[in-house]
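The structure under discussion appears below in the form of C-alpha cells.
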Amino acid sequence: MRTSTAVVVSVLGAALLASAPGVALAQEYPARSIRVIVPFSPGGAVDGPMRLIAQGLGKRLGQAVVVENKPGAGATIGTEIVAKATADGYTLLLASQTNAISATLYSKLAFDPIDDFAPIALIGREPGVVVVNPALPVTTLPQLIAYVKERPGQVDYASSGNGSGQHLFAALLASKTGMKMNHVPYKGSGQATTDLLSGVVALSIPGTAGMVGHIKAGKLRALAVTGAHRSPQLPDVPTVMESGVPNYEAYVWMGLLAPKGTPAAIIDRLNREVLAVLAEEDTKRYMATAGIEIVGSTPTEFGAFFRNEKDLWAKVIRDTGAKID
C-alpha cells in the first residue's frame, strides 16, 4: 500500500510540475521565431556581431532568430519595446553600455532600464577608438587636445545619439583633458560615421569593430583606443592612458536581456545556447577579426555587471554634467 501510494504521489507531483506555466512554456520553447531588438541603426558596432549570433542561435533552437533595428533616443525607443513586451522569451534586447547610461541620464522614462529586464548573458566587449577625419591637422591625441583647446567650442564630435556610449566616452575625455567641444548626436552610428568620413564632423569615439576598415583604408585616422590595453586590430595605436590621460578606460559591450518575468527555465535555455554559439570556431574568428573580446557569463554575473556599469556611468554623468541636449 505504501509503495502504491508513493507511486501515485510521485505521478501527481510530476503532473503538477509539468502543468506549471513556466515549466510548460519552457518545455515547448521556442515554438515560433524569436526577435532580437537592436536599439541602434544597422551597421553599428554591436549590430554585426548580434546578427552572427542570431544565426547561430537559430540553428541551435530550431527557429528563426530575427534581428530588428529600432534606433533612436539614446537606445530608449527599442529598449522600451522589449520592456513592455510579453515575458515569454520571444522578444529579446541586445543591450549595451548605453542602457546602463540611460538609467541615470534620463530622468523620466516609461520603463526602468535595469529592473524591467531579466539578464541572459554578457556576450563581449571592445574598446572604443578616438578617430578623426584625416583633414584635421592632428596625428596624436595630445595634438588633438591642444588643437581643441586653442579653438574652444569650435570642434564638433559625433555620437550615435544622446546618452550613447559614444556621447559619454567623449564627454569623459573632454572632462579629463579640459577640452570644450560641440556634441552632435545622430540617430545611430551609420549616419554619424558617414558625416565623419565626409568631414561634416571632426571626430568621434565609436567602437573599434566598425572603424578598423576605415582606418586601414586611410579614410579615418585613429589617435587612441579607450581600453586598458592596445587593440590587437590596431597594435600601433596607443591607449588613451598611454597618450597622457590617466585613469581613462571605457568599453563598448553587448549583452542579451529579456523582459522581466521571463520564466527562469527559458532564461537558462537561452544562456546555454548563447554560450554554445560563442564557443563555436566561426564565432571566435569573427569576434577576433572585429576586435571583440568574448566574455560569456551566467545570468547572475551579467546582472551584477549591468548594475556596476550603471553606477560607473552615473558617476561620470554627475562629474561631467553630461546631459541630453
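The values are calculated or read from the model by the stated rules, or taken from the named source; none is laboratory data. Please read all numbers here as calculations on a predicted model, not as lab measurements. Neighbour counts are summed over all protein chains in view; Cβ atoms, including those assigned to glycine, are modelled from backbone coordinates with ideal geometry.
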Residue within the range 272-280 that is out of contact with any Gly (no Cβ under 9 Å at 6 or more places or on another chain) and modelled with pLDDT of 95 or more present: yes
In the range 36-52, is there at least one residue being surrounded by fewer than 20 Cβ atoms within 10 Å (Cβ to Cβ) and among the hydroxyl-bearing types (Ser, Thr, Tyr)? no
Out of the residues in the range 242-298 meeting the condition of being in a helix (DSSP H, G or I) and among the hydroxyl-bearing types (Ser, Thr, Tyr), tell me which one is farthest from PRO30 (Cα to Cα). THR289
Selection status of ALA224, under 22 Å from the mean Cα position of the chain (by Cα) and under 25 Å from ALA135 (Cβ atoms): yes
The range 222-254 - residue that is closer than 20 Å to ILE145 by Cβ and of a type in the set (S, T, N, Q) and, of those, modelled with the lowest pLDDT: ASN247
Taking the stated definitions as given, is ALA170 within 26 Å of the chain's Cα centre (by Cα), surrounded by 24 or more Cβ atoms within 10 Å (Cβ to Cβ) and either aromatic (Phe, Trp, Tyr) or not assigned by TED's automatic domain parsing to the domain that holds GLY74 (or both)? yes
For GLN154, are the conditions met, namely being over 14 Å from ALA322 (Cα atoms), surrounded by fewer than 19 Cβ atoms within 10 Å (Cβ to Cβ), of a type in the set (S, T, N, Q) and at pLDDT 95 or above? yes
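Each row is one residue, and each column tells you yes or no for (1) surrounded by fewer than 20 Cβ atoms within 10 Å (Cβ to Cβ); (2) within 30 Å of LYS108 (Cα to Cα); (3) not basic (Lys, Arg).
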{"site": "ALA224", "(1), (2), (3)": "no, no, yes"}
{"site": "HIS229", "(1), (2), (3)": "yes, no, yes"}
{"site": "ALA250", "(1), (2), (3)": "no, yes, yes"}
{"site": "VAL274", "(1), (2), (3)": "no, no, yes"}
{"site": "GLY296", "(1), (2), (3)": "yes, no, yes"}
Filter the range 299-319 down to the residues that are more than 19 Å from GLY207 (Cβ to Cβ), surrounded by 16 or more Cβ atoms within 10 Å (Cβ to Cβ) and touching a helix residue (DSSP H, G or I) at 6+ places or on another chain (Cβ under 8 Å) and list them by number. PRO299, LYS310, ILE317
Out of all the residues in the range 185-221, which are buried (at least 24 other Cβ atoms within 10 Å of the Cβ), modelled with pLDDT under 95 and farther than 11 Å from SER160 by Cα? THR208, ALA209, MET211
Would you kindly identify the strands (runs of 3 or more DSSP E) lying entirely within the range 60-140 that contain at least 2 residues that are under 13 Å from the mean Cα position of the chain (by Cα) and either crowded, with 16+ Cβ neighbours inside 10 Å or not assigned by TED's automatic domain parsing to the domain that holds ALA290 (or both)? 91-96, 117-127
All but one of (1) in contact with a Leu (Cβ under 8 Å, 6 or more places away or on another chain); (2) farther than 24 Å from GLU293 by Cβ hold for PRO39; state the number of the condition that does not hold. (2)
